[in-house]
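Trainee: For reference, the structure I am asking about is given below.
All of the numbers you see were taken from the coordinates with simple rules; none came from a lab. These figures come from a predicted structure and were not determined experimentally. Note that we place each Cβ from the backbone using ideal geometry, even for glycine, and neighbour counts take in every protein chain shown.
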Amino acid sequence: MRFLRVQKTLTDLLRLHNVHVRCASGVQQKLSYVFKGGDILLTDLRVGDLIDRSADKCGDDVAFISMHQDISKTFSEMRREVERLASGFISIGLRKGDKIAIFSPNCYEWPLTQYAAAKAGLILVNINPALQKMEVEYCLKKVKCKAVVTWDVFKTQDYYKIMCDLIPELPKSKPGHIRNSNLPNLESVIMISDNKMDGTFDFKDVLDSGNKESDKLLSEIEKSIQFDDPVNIQYTSGTTGTPKGATLNHHSLVNNCLIGASRLRFHLS
């Protein structure tokens, strides 16, 4: 009897209704949300909105510092480069809903790629920078990545060699036209490097490759992105089996960050 009461209570709690979701910018109706009142208003900001909001409110403040790269960027500078990179991604053939992986150690290009992907409607797939060939292959194939942003060499990890081992055709391929039967969805490798790597796009070139057509398409895509669209795939550790790709949407990612920050007495305002 106790089990039945608990089961009934859980069923009542989890029953889906046509409910109203409280958001900071208004009320939206959704069929798939379970309503539960709370003291904290959830925001419907998207990931790309965060860099825009910060640039508008404190554009001259420092947003990011990379000591080992000797890079310091303000919010305004970072927003401009995010928009350029988002347009560049579109110019090389990436479209809303495509998965783009990042396989790299910590660097300025990492958050730049995350924000640019979010603005372009892409889903960024985070790959552990310490993984080796077979593990990287599994991650790319599992979610059907269309592009990879990667470093050249970091300490003992030769990222370009790993990509060439995965894709023997890479050095002889035209950038953006990779054809590999084992990774049939992968078309582009984008290298963060001061050296030109055969078969790949240079990250700086992609940053500069946007044009009027890609800028216009970017504007249209940004308007179409919903706060519950997927924006990120993070792989689990794989300690009990093969890693699983956990999909996060704008809504969960932004609100988790804001609620966590509020516990540290940082606030969106």
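Trainee: Once R0 is set to 30 Å, what does the formula 1/(1 + (r/R0)^6) return for the Cβ-Cβ distance between ASN256 and LYS196, expressed as a FRET efficiency to the nearest 0.05? Don't jump to the answer; show the numbers that get you there.
Mentor: Working: r = 39 Å, r/R0 = 1.30.
For ASN256 and LYS196, the calculated efficiency is 0.15.
Trainee: Right, something else. Just tell me which lysines come within less than 16 Å, Cα to Cα, of LYS174; anything on the same chain fewer than 8 places away is out.
Mentor: Candidates past the 8-residue exclusion: LYS146, LYS196.
Trainee: Moving on to the next point. Just grab the label-to-label distance for LYS223 and LYS133, each label 7 Å out from Cα along the Cβ direction, in nm (one decimal).
Mentor: The two pseudo-label positions are separated by 4.8 nm.
Trainee: By counting other Cβ atoms within 10 Å of each Cβ, how are ILE92, ILE102 ranked from fewest to most? Show your work: numbers first, answer last.
Mentor: Details: ILE92 18, ILE102 22.
By the 10 Å Cβ count, ascending: ILE92, ILE102.
Trainee: Within 10 Å of each residue's Cβ, count the other Cβ atoms and sort CYS257, CYS145, CYS164 from fewest upward. Working shown, then result.
Mentor: Values: CYS257 14, CYS145 23, CYS164 19.
Ascending number of Cβ neighbours within 10 Å: CYS257, CYS164, CYS145.
Trainee: Another question about this same structure. Relative to the present Cα-Cα distance, how much length would full extension add between ASN180 and PHE266 at 0.36 nm per residue of separation?
Mentor: Details: separation 86, 0.36 × 86 = 30.96 nm, distance 4.68 nm.
This chain segment gains 26.3 nm when fully extended.
Trainee: Setting aside same-chain residues fewer than 8 positions from LYS244, which aspartates and glutamates have a Cα under 15 Å from its Cα?
Mentor: Within the straight-line cut-off, LYS244 pairs with GLU135, GLU137.
Trainee: Any idea what the dipole of the chain comes to, in debye rounded to 20, about its Cα centre with Lys/Arg Cβ at +1 and Asp/Glu Cβ at -1? It would help to have the intermediate numbers written out before the result.
Mentor: Values: 36 positive and 32 negative charges, 273 e Å.
Taking the Cα centre of the chain as origin, the dipole is about 1320 debye.
Trainee: Note down the relative contact order for the chain as a percent, whole number, built from C-alpha pairs under 8 angstrom at least six residues apart. Spell out each step's value before the answer.
Mentor: Working: 439 pairs, mean separation 45.5, N = 269.
Value for the chain: 17 percent.
Trainee: Per residue of the chain, what 222 nm ellipticity follows from adding -39500 (n - 2.57) for every DSSP H run with n ≥ 4, rounded to the nearest 500?
Mentor: On the way: 9 runs with 104 residues, N = 269.
Dividing the helical sum by the residues of the chain leaves -12000 deg cm²/dmol.
Trainee: Something else: Taking the Cα centre of the range 148-260 as origin, sum charge times position over the Cβ atoms of Lys and Arg (+1) and Asp and Glu (-1), and report the length of that vector in debye to the nearest 20. Don't skip to the end; give the middle numbers.
Mentor: Numbers: 11 positive and 16 negative charges, 49 e Å.
Value, rounded to 20: 240 debye.
Trainee: Sticking with this one: Any aspartates and glutamates with Cα under 15 Å of the LYS142 Cα? List them, leaving off those in the same chain fewer than 8 positions away.
Mentor: Here the aspartates and glutamates satisfying the reach criterion relative to LYS142 are ASP98.
Trainee: Which pairs, out of LYS119/LYS216; LYS96/LYS223; LYS119/LYS144; LYS133/LYS161, put more than 18 Å between their alpha-carbon atoms? Before the final figure, lay out each step's value.
Mentor: Numbers: LYS119/LYS216 13 Å; LYS96/LYS223 12 Å; LYS119/LYS144 20 Å; LYS133/LYS161 9 Å.
Those over the limit are LYS119/LYS144.
Trainee: Treat the count of other C-beta atoms within 10 Å as a stand-in for reagent exposure and order ASP228, ASP61 from fewest to most. All intermediate terms of the calculation are to be shown ahead of the outcome.
Mentor: Numbers: ASP228 17, ASP61 11.
Ranking ASP228, ASP61 by Cβ neighbours within 10 Å, fewest first, gives ASP61, ASP228.
Trainee: OK, next. May I ask you to evaluate 6.51 cos²θ - 1.76 cosθ + 1.60, the Karplus curve with θ = phi - 60°, for each residue of the range 130-146 and list the ³J(HN,Hα) values in order in whole Hz, giving x for glycine and proline?
Mentor: Using θ = phi - 60°, the values come out as 8, 5, 10, 3, 5, 5, 5, 4, 4, 5, 5, 6, 4, 10, 6, 5, 9 Hz.
Trainee: Gap in Å between the Cα centre of the range 94-138 and the Cα centre of the range 140-197?
Mentor: 12 Å
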